[in-house]
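Note sheet for the following structure.
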Amino acid sequence: MSRVLLLLGFALTGLSDLQEAVNASERPNVLFIYLDDFGWRDAGFMGSDFFETPHLDRLAKQGMVFTNAYSCAANCAPARACLLTGQYTPRHRIFNVGTRPRGKKEYRRLKHIPGTDTLDPRIKTWAELIRNAGYRTGTIGKWHLSDDPVPYGFDFNFAGTHSGTPPNGYYPPFRNRDLKDAPEGEYLTDRLSQEAIHFIRRNKDRRWLLYLTHFAVHTPLQPRKDLLEKYRNKKPGKLHHHVVMATMIEAVDEGVGKILAVLDELELTEKTVIVFSSDNGGLASATDMAPLRGYKGTYYEGGIREPFFVKWPGVVQAGTKCDVPVIGVDLFPTLCEITGAKMPTDQPADGLSLVPLLKGEAESLGSRALFWHFPAYLQAGKNAERLESRDPLFRTRPCSIIRVGNWKLHQYFEDGGIELYNLQDDPGETTNLCNHSPQKKTELLRRLQQWQQKIGAPIPNIPNPDYNAELEQEALARFQNKQNR
């Protein structure tokens, strides 16, 4: 009898392994297209009246567009760290681009929390887990979290380094080990799209995940020169009109079109999930997120709300929209569920899988809280005259944010300032409702402070000895005088 049971156990194990292999063969490939400084309305499917994105628009129509999708930070490095780890900033401690204080020391009232500028390799990323599930994983383009992305779960890396900006711009010579062979006149965005095509061709007979993370449309603003005349002759839109930015965006979209053609050629279109998003809001001087307030570097909606869609053939109903608020940390459990990768049991995860939403099965995520924590400073941009930040000297000062349902609360640590907005009625965050809705203010502030304590969020509270209130007031007065002219 024991021998029979043993043989039966082997048979069942074999069947289990066979079923797992069958399931693995049915798992989709994943193409994750992630842009840099691409604003909430910079694509045609989000309402741009000047920028042209026909290929992205077609993909969006074939999938589900999320209208309330957020990055976990208003600038590059922390947004990417949250995305890769599924953890909010207090856990991995990447709070800013670099660890040095930003902005003039005389205007900073508190000592900032420096954090770190390198992602701890002990934290598992979705790339590592998906690779362990049998996928070939690749990253092409901007990495920004360490010198090399390979130790973080990628089998293949092209051009990814610690640099957050394009290596010497969008034209050769590039300061990047993988781009030394670039011919004269090659445009960086085009090259990265071509490398994505090479990766897909090399891995056409196995399961793959590609993280195509373009440097575009980050500064320096350099055009795809052959497109300049087209946009110089095009009538400016009421929302968008930046000619150089338009060429940079079309270069991205053209590359997406070429990748889609290859997926069709290789008969992989129906076997590939495509995810599209951006790391933070657009550059104030080049685009506009209206009616949202803010831009890259601010924690108003224009700095953190992103374009986001998922195309999943056979699962996501084409032409659907989802208004449920979602955030970057949700991609970790989502990608793991799509690929069959096992979530780690030995590290915290702050996001929730979006698969039920993608399948049209649930919208319960709308009642949960979303959080942001930024204990540092980001200095104002060159065109602070377009003031959509809290003050003209900084895009943002140390703060924490919570969104629950349609309500969003800002907490500022320097002066104890609290701002409360109802985003359904006021997406532009123009009217602070703290006095109008004191109970909601108290409720959200309490939930935010409980989260800060639970997650171990560092709160800046040490006065900056270099702060000079008189100089700060003089700078504010100069700005006000300039505005009044």
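The values are calculated or read from the model by the stated rules, or taken from the named source; none is laboratory data. Not measured: the values here are computed from a predicted model. Here Cβ is always computed from backbone atoms with ideal geometry, including for glycine, and neighbour counts include all displayed protein chains.
Quick notes on this structure:
- Cβ-Cβ contacts under 6 Å between residues 6 or more apart (or on different chains), taken from a first residue in region 61-78 that is farther than 19 Å from Ala290 by Cα to a second residue that is of a type in the set (Lys, Arg), are listed as Gln62/Lys311; Gly63/Lys311.
- Of the residues screened, Gln453 is not one that is in a helix (DSSP H, G or I) and in contact with a Pro (Cβ under 9 Å, 6 or more places away or on another chain).
- In the condition set (1) in contact (Cβ under 8 Å) with a residue 24 or more places away in the chain; (2) in contact with a helix residue (DSSP H, G or I) (Cβ under 9 Å, 6 or more places away or on another chain); (3) surrounded by 11 or more Cβ atoms within 10 Å (Cβ to Cβ); (4) closer than 25 Å to Tyr70 by Cα, Tyr467 is compliant with all but (4).
- When Gly314, Gly257, Gly302 are checked against the criterion of being touching a residue at least 12 places away in the same chain (Cβ under 8 Å), surrounded by fewer than 20 Cβ atoms within 10 Å (Cβ to Cβ), assigned to a helix (DSSP H, G or I) and not polar (S, T, N, Q), a single residue qualifies: Gly257.
- Of the criteria (1) small (Gly, Ala, Ser); (2) at pLDDT below 95; (3) crowded, with 19+ Cβ neighbours inside 10 Å, which one Ser367 fails: (3)
- Filter result for Ala81 (within 27 Å of Ile130 (Cα to Cα) and not charged (D, E, K, R)): yes
- Lone qualifier among Gln452, Gln379 - being within 30 Å of Ala286 (Cβ to Cβ), buried (at least 16 other Cβ atoms within 10 Å of the Cβ) and in contact (Cβ under 8 Å) with a residue 60 or more places away in the chain: Gln379
- If you go through region 100-127 and pick out every residue that is hydroxyl-bearing (Ser, Thr, Tyr) and buried (at least 18 other Cβ atoms within 10 Å of the Cβ), you end up with 2.
- Among the numbered conditions (1) in contact (Cβ under 8 Å) with a residue 40 or more places away in the chain; (2) over 16 Å from Arg91 (Cβ atoms); (3) part of a loop (DSSP other than H, G, I, E, B), the only one that Gln347 does not meet is (2).
- Scanning region 270-290 for residues that are over 15 Å from Arg27 (Cβ atoms) and hydroxyl-bearing (Ser, Thr, Tyr) yields Ser277, Ser278, Ser285, Thr287.
- Sole exception among (1) surrounded by 15 or more Cβ atoms within 10 Å (Cβ to Cβ); (2) among the aliphatic types (A, V, I, L, M); (3) without any contact (Cβ under 8 Å) to a residue 24 or more places away in the chain for Ala477, by number: (1)
- For Gln347: the one exception among (1) over 24 Å from Cys434 (Cβ atoms); (2) modelled with pLDDT under 95: (2)
- Evaluation of Lys359 against the conditions (1) more than 22 Å from Lys408 (Cα to Cα); (2) basic (Lys, Arg); (3) buried (at least 24 other Cβ atoms within 10 Å of the Cβ) shows that the sole unmet condition is (3).
- Those helices (runs of 4 or more DSSP H) lying entirely in region 1-95 with at least 2 residues among the aliphatic types (A, V, I, L, M), modelled with pLDDT of 95 or more and more than 22 Å from Leu365 (Cα to Cα): 54-61, 76-85
- Residue in region 225-248 that is in contact with a Phe, Trp or Tyr (Cβ under 8 Å, 6 or more places away or on another chain), in contact (Cβ under 8 Å) with a residue 40 or more places away in the chain, over 23 Å from Arg41 (Cα atoms) and assigned to a loop (DSSP other than H, G, I, E, B) present: no
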